[in-house]
Amino acid sequence: MARCGPFLGRRRGYDAVTAVVFAFLLCLIVPSFRLPRLCFLAFAEDGSGRRDLRRVILRDEATARLNVLGKISDAEDHLERTFMSPASLRAGNQIHEWMEDAGMRTWNDGMGNVHGRVDGRNPSGKALLIGSHLDTVVDAGIFDGSLGLISAISALKLLNVTGKSSGLERPVEVIAFSDEEGIRFQSTFLGSAAIAGILPPSILNFADRSGATVRDVLMETVGDTSEKNLRELKYDPNSVWGYVEVHIEQGPVLEWRGLPLGIVSGIAGQTRLRVTVRGSQGHAGTVPMSMRQDPMPAAAELIVLLESLCKHPVDFLSFDEYCKDSTIEVLANSLVCTVGEISSWPSASNVIPGRVSFTIDIRAMEDKGREAVIYELSSRMYKTCDRRSVICTIERKHDANAVKCDPELSTRLKLAAQTAMKEMNGGMDQQEVPVLMSGAGHDAMAMSHLTKVGMIFVRCRGGVSHSPEEHVLDDDVWAAGLATLTFLESQIGSPFCVHTM
Ligand SMILES: *[C@@H]1O[C@H](CO)[C@@H](O)[C@H](O)[C@H]1NC(C)=O
């Protein structure tokens, strides 16, 4: 009976009411001569009833909430929420409300992050953090970032309404990070980097397009912009157990494998280069082919060289103690290289260009392997430039090392995902949950400086993201919530049950 009490006593709010009404009707149509309260007890205990409650909260309500959040925008005709914008603040308030509805204690911090916490049985124990970001790109989809937040809040709500959250072995804290996309200040992870303690104070002077600095924005919203405030946002590593993030895959692999969930082995390291090729500018009609120093075909050859090297690194890299067999194998499975931007000077159809420059984006799971690729690429590029009598410079613009997810945490998440998929499939065993690399950056990257991290990827249609075309099936939203719930349930100690985790 105690199990039914909290459920009947849910606070107001139509979403909770819907769940109660649905559950009640479901309960009553089951032929039973028992009293309604017993019926509720049966509801809590009965496998199919539990499954339906899970479906209502983790699928129906979660997708409805994603749609609500997806409408909170600074623009009228598309979704756009940048760091601390009016829509971001409204979205934060909405998240607050849902966190409270899930039985969480909530607060905002000095960098605009929204926190909700459930203490469990050991309020002073090391906390499990679950998070993702609430900001978006311009003309965004509604799942990027939001899905991780909603699935965590829904899972905790389910634990609350079933009376289990007080049994959690350690505190669980959901954090909605204020900035991951870095649209407004061209600097990613303002929210998670502050909590991880890796945000440099110089960030306060970064300005947006209108000239407003991070300091100005914080002054207006949280009212404290001191470096001390910034330092105090950092969490004590000893107060944290680990960090988990659920996020859309933003790639096509899960769809191709036909599975809703995957586990992330790590987030690729990245290097950005700018290559400039200088030749001799001239008239397109008068300079004979044999006498040209044309940087354009040279650039074309360099780009094709990049593609070959990144498609078949094994053919290009030599094996020595610096670049081991295993390094090359990891490389071959994860290396991706892109030329995304190219420009020429003076860029006219009747002029042999004097200068061509292009960007290179290289990502891989292996930092040493990535270095080896850059080394090999550079030396081959310079040789090509010499042969073509053009002058090349290669500048290194940005570097970020790869982040490995924690193997033990990942094993637990994998088990949770497997269990969730099995439950959704009526208890039938499923294909094994795939393990993927993340080519895109995530808050988990910043959080890895604070604690061990693990991530679950959720299938999205066509692998498309950063676009209004971004889409996740309702059932896959359910799978994400169920996996989070299953993972949390593995952290519940019960005096009556023996635990396997
Ligand atoms: C749900 O959360 C509320 C708010 O923290 C709390 O008062 C209530 O006891 C929780 N329900 C259960 C069953 O733990």
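Nothing in this text is a laboratory measurement; each read-out follows from the coordinates by a stated rule. No experiment lies behind these values; they were computed from the predicted model shown. No Cβ is skipped: glycine too gets one built from the backbone with ideal geometry, and neighbour counts run over all protein chains shown.
Structure summary
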| read-out | value |
| --- | --- |
| Relative contact order (%) - the stretch 269-401, alpha-carbon pairs under 8 angstrom, separation at least six | 46 |
| Only Lys, Arg (+1) and Asp, Glu (-1) charged, at Cβ; the chain dipole about Cα centre in debye | 580 |
| Estimated inter-spin distance, Asn238 and Asp216, nm [label 7 Å along Cα→Cβ] | 4.2 |
| Linear extension gain, Ser379 paired with Glu76, 0.36 nm per residue minus alpha-carbon span | 104.1 nm |
| The stretch 54-142 shape via C-alpha gyration tensor axes, a/c threshold 1.5 | oblate |
| Dipole axis of the chain (+1 Lys, Arg; -1 Asp, Glu on Cβ), positive-most option in Val138, Ser343, Gln418 | Gln418 |
| Residues Val287 and Ser202, FRET efficiency given R0 of 56 Å [Cβ-Cβ distance, rounded to 0.05] | 0.70 |
| Label point 7 Å beyond Cα of Ser349 along Cβ direction - residues of the stretch 276-292 with amide nitrogen under 16 Å | 284-285 |
| Computed FRET value (nearest 0.05) for Trp256 with Asp475, which takes r as the C-beta separation and R₀ as 25 Å | 0.90 |
| DSSP beta bridges in the chain [antiparallel fraction, %, rounded to 5] | 70 |
| Efficiency of FRET between Asp386 and Asn333 - r from beta-carbon atoms, R0 30 angstrom, step 0.05 | 0.35 |
| Between 0 and 90°, nearest 10: helix 407-424 axis offset from the chain longest Cα axis | 60 |
| Low-density loop cleavage sites - GluC sites (Glu not before Pro) in the stretch 68-113, where at most 15 other Cβ are within 10 Å (DSSP) | Glu76 |
| Ratio of the Cα radius of gyration of the chain to 2.2 N^0.38 Å, where N counts its residues | 1.12 |
| Entries in Lys157/Lys234; Lys368/Lys452; Lys368/Lys404; Lys311/Lys397 that, when Cα-Cα distance is taken, lie over 18 Å | Lys157/Lys234; Lys368/Lys452; Lys311/Lys397 |
| Relative packing of 477-487, 402-412, which averages over residues the other C-beta atoms within 10 Å, highest first | 477-487, 402-412 |
| Helix axis angle, 474-489 relative to the chain longest principal axis, alpha carbon, degrees | 70 |
| Estimated [θ] at 222 nm from DSSP helical runs (n ≥ 4, -39500 (n - 2.57)) normalised by residues in the chain, nearest 500 | -12000 deg cm²/dmol |
| Scaled radius of gyration (Cα, divided by 2.2 N^0.38 Å) that the stretch 269-401 gives | 1.15 |
